[in-house]
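Take a look at the structure below.
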Amino acid sequence: EVNRLLQGQNCGRPLESIALPDSADDLSLKYDFDIKAFSFRADKEELREPRMVRVALIQNSIALPTTAPFSDQRKAIFQKVKPIIDAAGALGVNILCLQEAWTMPFAFCTREKRWCEFAEPVDGESTQFLQDLARKYNMVIVSPILERDVKHGETLWNTAVIIGNNGNIIGKHRKNHIPRVGDFNESTYYMEGNTGHPVFETAYGKIAVNICYGRHHPLNWLAFGLNGAEIVFNPSATVGELSEPMWPIEARNAAIANSYFVGSINRIGTEVFPNPFTSGDGKSPHADFGHFYGSSYFSAPDASCTPSLSRYRDGLMISDMDLNLCRQLKDKWGFRMTARYDMYADMISRYVKPDFEPQVIVDPLSKKMTT
């Protein structure tokens, strides 16, 4: 009963775990990462066949101290992540998403510009590394990187590159919302993205990427849904004191409200930097963000969700999902049909104007009493 309330039910039943081959356990033991796997089903339809797709998330800590040479740090992360991607490929994963800025430490607290060296073009070293794996395993890979836009004055962006199952670059999306909270000084490095809310139609379904802080903005989730997303990934880097109470709620609510699946990824570990930094929250100078608490998980449009990965260990979360569930929940709840988009559009169009006046009706008797 507790699980029913905390994790919901998938089509009226508890979420089913997937039995994985012994080889998967062997890989996880050899390379020291967890594997969890669950299946989201949809009701059987008469006019459509099931649209099953196997999707995976990877959470990991960095591999070397932040004081190591940058080239060594990046190479070590590649070496650490590759066996996990190999495990995903061996288990037949169709779509895989890595964590935010997976190629580097999350240095966007420090304000130090030297971390910009980790930035690379969309077709740079990390993309080339993943293209080979995408081709090898016939797998779509979502790769969030620090992008260097060489065609526009070497501007930096927080970007997700979508690599097709043939190794091609399908496109990219740049982070829409940049935090200015506590230690998260990310606008020192990049500003709000300019790619809108693209949905990428892959061989396995329509996917989108809501990068990190965008999960706090309901209209951001909504826009990906309006563009037809069936799976939205939320690659993140977030720490416990700031956001952990919100973590199990926001993505699950977005999946419910927008009738799509959500994959939430958060890195793990405590990353200590060479020089102390300060923030706007009154803390004394410190050399780390705090603990990245992992806890990556999947949410479904019927309000069910998987248990999460560990708060402390590298992990691979796998989910089989029948994308037919998206339409079934749209039909059941009618959120798209009952939404008053014309009313919201009018309200927002007025709100963004400088002469906006809130629609507040004051009780005249209350006003007389106060005077």
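The values are calculated or read from the model by the stated rules, or taken from the named source; none is laboratory data. In this text, all values refer to a predicted model and were calculated from it rather than measured experimentally. Here Cβ is always computed from backbone atoms with ideal geometry, including for glycine, and neighbour counts include all displayed protein chains. Note: areas computed on protein heavy atoms with side chains; ligands, DNA, RNA excluded. Shrake-Rupley method; radii C 1.70, N 1.55, O 1.52, S 1.80 Å.
Summary table below
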read-out: Members of the range 247-276 found to be under 30 Å from THR202 (Cα atoms) and surrounded by fewer than 16 Cβ atoms within 10 Å (Cβ to Cβ), listed by number; value: ILE249
read-out: Criterion (buried (at least 21 other Cβ atoms within 10 Å of the Cβ), part of a helix (DSSP H, G or I) and among the hydroxyl-bearing types (Ser, Thr, Tyr)) met by exactly one of SER143, SER126, SER71; value: SER126
read-out: Extreme residue, modelled with the lowest pLDDT, among residues of the range 148-204 that are open to solvent by 60 Å² or more (accessible area, probe 1.4 Å) and basic (Lys, Arg); value: ARG180
read-out: Identity of the residue in the range 20-44, in a loop (DSSP other than H, G, I, E, B) and open to solvent by 50 Å² or more (accessible area, probe 1.4 Å), that ends up modelled with the lowest pLDDT; value: PRO21
read-out: Inter-residue pairs, beta-carbon under 6 Å, first over 21 Å from PHE298 (Cα atoms) and in the range 319-345, second of a type outside the set (S, T, N, Q), 6+ apart; value: ARG336/LYS330
read-out: Selection status of TYR190, among the hydroxyl-bearing types (Ser, Thr, Tyr) and in a helix (DSSP H, G or I); value: no
read-out: Hits in the range 4-19 - residues which are among the aliphatic types (A, V, I, L, M) and either surrounded by fewer than 10 Cβ atoms within 10 Å (Cβ to Cβ) or part of a strand (DSSP E or B) (or both); value: LEU5, ALA19
read-out: Test: residue in the range 339-346 that is in contact with a Leu (Cβ under 7 Å, 6 or more places away or on another chain) and assigned to a loop (DSSP other than H, G, I, E, B); value: no
read-out: Candidates TYR312, TYR297, TYR344, filtered to the one that is loosely packed, with under 15 Cβ neighbours inside 10 Å, out of contact with any helix residue (DSSP H, G or I) (no Cβ under 7 Å at 6 or more places or on another chain) and not hydrophobic (A, V, I, L, M, F, W, C); value: TYR344
read-out: Any hit, the range 277-292, residues being open to solvent by less than 50 Å² (accessible area, probe 1.4 Å), touching a strand residue (DSSP E or B) at 6+ places or on another chain (Cβ under 6 Å) and within 26 Å of LEU20 (Cα to Cα); value: no
read-out: Qualifying residue in the range 348-357 (condition: among the polar types (S, T, N, Q), open to solvent by less than 80 Å² (accessible area, probe 1.4 Å) and in a helix (DSSP H, G or I)); value: yes
read-out: Which listed residue is out of contact with any His (no Cβ under 8 Å at 6 or more places or on another chain), modelled with pLDDT of 95 or more and more than 26 Å from SER236 (Cβ to Cβ), from ARG340, ARG313; value: ARG340
read-out: Unmet requirement for SER243, which otherwise passes all of (1) at pLDDT 95 or above; (2) surrounded by fewer than 24 Cβ atoms within 10 Å (Cβ to Cβ); (3) hydroxyl-bearing (Ser, Thr, Tyr); value: (1)
read-out: Filter result (touching a Leu at 6+ places or on another chain (Cβ under 8 Å) and under 24 Å from ALA56 (Cβ atoms)) within the range 258-290; value: ASN258, SER259, PHE261, GLY263, SER264, ILE265
read-out: Residue match in the range 115-123 (condition: part of a strand (DSSP E or B), at pLDDT 95 or above, open to solvent by less than 30 Å² (accessible area, probe 1.4 Å) and of a type in the set (Asp, Glu)); value: yes
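Results for (1) β-branched (Val, Ile, Thr); (2) farther than 19 Å from VAL93 by Cα, shown as yes or no for each residue.
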{"position": "GLU244", "(1), (2)": "no, yes"}
{"position": "SER259", "(1), (2)": "no, yes"}
{"position": "THR278", "(1), (2)": "yes, yes"}
{"position": "ASP288", "(1), (2)": "no, yes"}
{"position": "TYR293", "(1), (2)": "no, yes"}
{"position": "ASP302", "(1), (2)": "no, yes"}
{"position": "SER310", "(1), (2)": "no, yes"}
{"position": "ASP322", "(1), (2)": "no, no"}
